[in-house]
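The structure under discussion appears below in the form of structure tokens.
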There are 2 protein chains.
Amino acid sequence: MTDPAKPDATRSSLSKRRLKTWIRLLGVTRRAENHLREFLRVNHDTTLPRFDVMAALWRRRDGMTMTELSRALLVSNGNATAVVDRLEKDGLARRTPSVSDRRTIHVALTDEGLRQFEGLAADHEREVDALFAGLSDADLESLSDILRRALEKRETERDSG
Amino acid sequence: MTDPAKPDATRSSLSKRRLKTWIRLLGVTRRAENHLREFLRVNHDTTLPRFDVMAALWRRRDGMTMTELSRALLVSNGNATAVVDRLEKDGLARRTPSVSDRRTIHVALTDEGLRQFEGLAADHEREVDALFAGLSDADLESLSDILRRALEKRETERDSG
DNA sequence: GCTTAAAGTTTTAGACTTGAAGTTTTTCCG
DNA sequence: CGGAAAAACTTCAAGTCTAAAACTTTAAGC
């Protein structure tokens with residue numbers, strides 16, 4: 001358990017540093033999310049979850065199942081159902097029963113949904129650009145690298161666990 | 001508008017890279033949050049918002065006002081009220097009217113709240129440590145630096161805006 | 001055909017979250 | 001002093017979110 005080569009202070013400081021870094025990561029993410037939520041509400045009268053769903057559907061233009069959607073967004077399936085319900089009610093998304101597997105339902109943006117999202121996405125990208133304007137090209141490269149490594153580690157764990 | 005020194009592709013790729021990095025940041029954060037939520041639920045029968053509130057109250061042992069609490073957590077004041085309501089109902093937090101200002105209310109952990117949080121915090125730190133075990137000391141340093149810069153940029157904006 | 005399992009969706013109950021509106025108290029300023 | 005404005009907090013309505021249970025459809029085994 002104890003390692004003479006590494007005094008207690010060193011070991012504990014690494015763990016504490018991981019915790020501190022995580023808390024900072026969380027803080028930056030929440031601030032950015034809050035900013036974007038406000039932006040979407042004020043300028044486009046929509047919400048972050050709606051935007052996320054529309055973005056996922058836009059990326060998969062030919063439609064995706066509810067389960068694929070909830071997995072892509074890292075949210076529960078019941079949650080996805082509710083958001084899609086509201087989008088459908090507003091004429092922005094459409095559900096189509098699958099012909100090959102009568103259990104599944106394909107969701108896709110309507111023409112109006114596509115049109116609306118494209119305007120939204122351009123503004124959103126500008127906003128994110130401004131939000132992270134303080135980060136240089138090198139910063140972005142480095143940040144992406146580190147985050148990718150953090151992600152990979154976890155997926156390896158999931159595979160073997 | 002156009003800058004001959006920087007071709008369109010270059011300018012747009014920087015904006016796109018910021019967007020991609022933000023999406024990755026969001027993904028990593030959500031994955032970690034989901035993991036920690038599950039951990040708290042299964043091992044300690046509690047939730048992330050409760051943990052966050054307790055952590056804030058633990059850091060400020062002598063108590064803090066509801067407004068300080070909601071600002072520290074980056075959530076709305078109505079939200080803070082609801083979470084503290086539940087903690088109070090469970091005997092983990094206590095509200096005390098301020099004597100100097102009858103509008104404000106001081107919130108603090110009870111003895112039981114303190115005791116419970118200390119167990120929680122130790123486990124939570126271990127979990128975060130494992131979650132980010134893939135990140136080296138240098139990674140953490142670099143990540144912290146970059147995030148601090150992203151944060152500073154935004155606060156400067158808020159001051160001058 | 002019948003049972004069981006698998007894949008997917010929906011429902012339910014409860015917690016969380018926000019923004020806005022409302023109450024009480026304090027501060028500011030004439 | 002007295003009224004307006006601001007601040008702290010709560011309450012409310014609507015939406016978001018999760019986990020777990022219920023339900024539907026399909027597939028597999030007997």
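Taken as a whole, the condition of being under 20 Å from B:G27 (Cα atoms), acidic (D, E) and out of contact with any helix residue (DSSP H, G or I) (no Cβ under 7 Å at 6 or more places or on another chain) applies to A:D145. Scan region B:52-94 for residues that are among the aliphatic types (A, V, I, L, M) and surrounded by fewer than 16 Cβ atoms within 10 Å (Cβ to Cβ) and the total you get is 2.
Scanning region A:68-86 for residues that are more than 9 Å from DNA strand D (Cβ to nearest atom) and closer than 17 Å to A:T47 by Cβ, which turns out farthest from the other protein chains (Cβ to nearest Cβ)? Walk me through it before giving the result.
Of region A:68-86, the ones more than 9 Å from DNA strand D (Cβ to nearest atom) are A:68-69, A:71-72, A:84.
Narrowing the set further to residues that are closer than 17 Å to A:T47 by Cβ leaves A:69, A:84.
Working: A:L69: 15, A:V84: 19 Å.
Of everything passing the filter in region A:68-86, A:V84 is farthest from the other protein chains (Cβ to nearest Cβ).
Only residues that are more than 9 Å from DNA strand C (Cβ to nearest atom) and under 24 Å from B:H35 (Cα atoms) were counted across region A:56-70, and they come to 1. For region B:32-51, a residue qualifies if it is part of a loop (DSSP other than H, G, I, E, B) and surrounded by fewer than 18 Cβ atoms within 10 Å (Cβ to Cβ), and the qualifying residues are B:D45, B:T47. Out of region B:95-117, which residues are touching a residue at least 12 places away in the same chain (Cβ under 8 Å) and not aliphatic (A, V, I, L, M)? Of everything in region B:95-117, those that are touching a residue at least 12 places away in the same chain (Cβ under 8 Å) and not aliphatic (A, V, I, L, M) turn out to be B:R95, B:T96, B:S98, B:T104, B:H106, B:T110, B:E112, B:G113, B:Q116, B:F117.
Within 30 Å of B:S142 (Cβ to Cβ), within 13 Å of DNA strand C (Cβ to nearest atom) and out of contact with any Gly (no Cβ under 9 Å at 6 or more places or on another chain) - does that describe any residue in region A:73-82? Checked region A:73-82: at least one residue is within 30 Å of B:S142 (Cβ to Cβ), within 13 Å of DNA strand C (Cβ to nearest atom) and out of contact with any Gly (no Cβ under 9 Å at 6 or more places or on another chain).
Of the residues examined, A:E118 is one that is assigned to a helix (DSSP H, G or I) and away from DNA strand D (no atom under 16 Å from the Cβ).
Test B:R94 against the criterion of being within 12 Å of DNA strand C (Cβ to nearest atom) and more than 21 Å from the chain's Cα centre (by Cα), and give yes or no. It is false that B:R94 is within 12 Å of DNA strand C (Cβ to nearest atom) and more than 21 Å from the chain's Cα centre (by Cα). Looking across region A:63-98, the residues that are in a loop (DSSP other than H, G, I, E, B) and under 19 Å from A:L48 (Cβ atoms) come down to A:L74, A:V75, A:S76, A:D90, A:L92.
Just so you know, all these numbers are worked out from the coordinates, no wet-lab data involved. A quick note: this is a predicted structure, and the numbers were derived from the prediction, not measured. Because the Cβ atoms are built from the backbone with ideal geometry, glycine has one as well, and the counts that use them run over all protein chains shown.
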